[in-house]
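The values are calculated or read from the model by the stated rules, or taken from the named source; none is laboratory data. This is a predicted model, so every value here is computed, not measured. Note that each Cβ is placed from the backbone with ideal geometry, even for glycine, and that neighbours are counted across all protein chains shown. Just so you know, the surface numbers come from the protein's heavy atoms only, side chains and all, with ligands and any DNA or RNA stripped out. Shrake-Rupley method; radii C 1.70, N 1.55, O 1.52, S 1.80 Å.
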Amino acid sequence: MQQYIGLDIGGTKISGLLLDETGVPGKFVQLPSLAKQGEGQVCQQIFRIIEELLAALPEGSRAAGIGAGVPGAVDRETGEIVYAANLPFEKFPLKKMLEEKYQLPVCLENDANAAAWGEYCFGAGCGVKNMIYVTASTGIGAGAVLNGQLFRGSTGNAFELGHITIDRNGEICGCGNQGCAESYGSGSAIAQMAQAADKENSLLRGLQNPEAVQVFAAADAGDSLAAAIIKKAIGDLGACISVAATLLDPDVIVLGGGLAYGNDRVFSLVKKEIERRCLPPVARHVQLLPAKLSQQAGLYGAAALLKGNLSSV
């Protein structure tokens, strides 16, 4: 039986998974990315993961290839990482390097697209025609499946939902634009609002650099400042998602990421924004569902995209 290697290469960690022809997962490996130590160290971590997975192939099976999801812009024709947020890669020929080293086919994809495809094939989007996937954590990532096809756009960079403008005179985003949704509705935005707030009468007092998880904990404990910060940020996230729903009229919106996993407060606030902002037919039809594959969606999706590429050859 053939096995497909899925990789999720992030700025903090790199994960790898074996997936068989029927979609059953096998060996899982995760290592720190060591991104601050430079390009060479990141590559060595990728190699270590691939080699652990190859060593774990079930008896009688073989690796069919490697699918990799990476953050940022990917040129799927040349196999280059054009630019990757939080990784020391620019115009880096990852596909060629891996193909030459392992003598296996390699498929590169934007990480949010890979995760969207994973949820569509194996998770909360199974059985629908039109799906939006949104991951809300440190930033905001998204992917879309339309009429059963992954939507990439002309350059492969479609549906960068975190970088739509929701305030044209607003905060400067890390991408260089002003007023991006990511600057208002992400984990980073929650942390920044908490850092800038007067915390004298809050459970957050004494925390010079509170993180989003601490703001949520304070809100759950009844802290009014923390609750107001979350209401503002997740309201902006919901408004951003509502724009996507209005444009694409999906059957399902799958919401994942560190801010959303198991968090009823987030789902309730996002759902209210969808009901408030979308046209009634869209709001009535669309389902808001939690991601089923958690942080492994990109691994499943990268492996499945590789399998699809090989099947079409």
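Distance between Cα centroids, the range 91-160 to the range 180-208: provide it in whole Å.
Each part's Cα centre sits 31 Å from the other's.
To two decimal places, what compactness ratio does the range 213-281 give when its Cα radius of gyration is scaled by 2.2 N^0.38 Å?
Cα Rg divided by the expected 2.2 N^0.38 Å: 1.16.
P(r) for the range 137-190, please, calculated from all Cα pair distances in 10 Å bins and given in %.
Using 10 Å bins, I get a P(r) of 25, 45, 25, 5 for the range 137-190.
Hey, what's the chain come to in accessible area per residue, 1.4 Å probe, Å²?
Dividing the accessible area of the chain by its residue count gives 47 Å².
Treating the Cα atoms of the range 145-228 as identical point scatterers in vacuum, please give the log10 of the normalised Debye intensity I(q)/I(0) at q = 0.21 Å⁻¹, two decimals.
Here the Debye-derived log intensity ratios amount to -0.93.
Let me know the charge dipole size of the range 134-273 about its Cα centre in debye, to the nearest 20, where only the beta-carbon of Lys, Arg (+1) and Asp, Glu (-1) is charged.
Computed about the Cα centre, the dipole is about 40 debye.
Can you tell me the length gained on complete extension of the stretch Glu211 to Val24, counting 0.36 nm per residue apart and subtracting the Cα distance?
Length difference between fully extended and current span is 63.7 nm.
Can you tell me the Rg and Dmax of the range 238-313, counting just the alpha carbons, in angstroms?
Rg and Dmax of the range 238-313, Cα atoms, are 15.0, 46 Å.
Which three numbers, in whole Å and largest first, are the semi-axes of the equivalent ellipsoid of the range 72-135 derived from its Cα gyration tensor as √(5λ)?
Semi-axes (√(5λ), whole Å): 26, 15, 9.
Using a 10 angstrom Cβ neighbour count of at most 10 plus a DSSP loop assignment to flag exposed GluC sites (Glu not before Pro), which longest range of the chain is free of such sites?
Here the longest segment lacking exposed loop sites spans 78-199.
When the Debye formula is applied to the Cα atoms of the range 1-61, each taken as the same point scatterer, what base-10 log of I(q)/I(0) results at q = 0.13 Å⁻¹?
-0.34
Quick check on the range 31-98: take the gyration tensor over C-alpha atoms, sort the square-rooted eigenvalues as a ≥ b ≥ c, and tell me if it's rounded (a/c under 1.5), prolate or oblate.
Oblate is the answer for the range 31-98, as a/c is 1.5 or above yet b/c matches or exceeds a/b.
Quick one: pull the percentage of alpha-carbon pairs in the range 1-124 with a separation above 20 Å.
Pairs farther apart than 20 Å: 39 percent.
Take the Cα gyration tensor of the range 101-203, multiply each eigenvalue by 5, square-root it, and list the three semi-axes largest first, rounded to whole angstrom.
32, 16, 15
Where the only charges are on Cβ atoms (+1 Lys, Arg; -1 Asp, Glu), what is the dipole of the chain about its Cα centre, to the nearest 20 debye?
320 debye
Normalising by the residue count of the range 192-275, find the relative contact order in percent from Cα pairs under 8 Å and 6+ residues apart.
Once normalised by length, the contact order is 25 percent.
Nothing charged except the Cβ atoms of Lys and Arg (+1) and of Asp and Glu (-1): what's the magnitude of the dipole of the range 225-271 about its Cα centre? Round to the nearest 20 debye.
Rounded to the nearest 20 debye, it is 240 debye.
Using only the Cα atoms of the chain, what are the Rg and Dmax in Å?
Every Cα atom of the chain included, Rg and Dmax give 19.8, 64 Å.
Restricting to bridges with both residues inside the chain, how much of the DSSP beta-bridge set is antiparallel, in percent to the nearest 5?
Around 55 percent of the beta bridges assigned by DSSP in the chain are antiparallel ones.
Only helices at least 18 Å long along their own axis, judged from Cα atoms, and with Kyte-Doolittle mean hydropathy of 1.0 or greater: name those in the chain from DSSP H.
What comes out of the filter, once short or polar helices are dropped, is 224-248.
Please sort by residue number the trypsin sites (Lys or Arg not before Pro) in the range 1-78 whose DSSP state is loop and whose Cβ has at most 10 other Cβ atoms within 10 Å.
Listed in order of number, the matching sites amount to none.
Considering only protein heavy atoms and a 1.4 Å probe, what is the carbon-and-sulfur percentage of the accessible area of the range 178-222?
Roughly 42 percent, rounded to a whole number.
Assuming R0 = 51 Å, what is the FRET efficiency of Glu59 and Asp249, from their Cβ-Cβ distance, to the nearest 0.05?
Working from the Cβ atoms, E equals 0.60.
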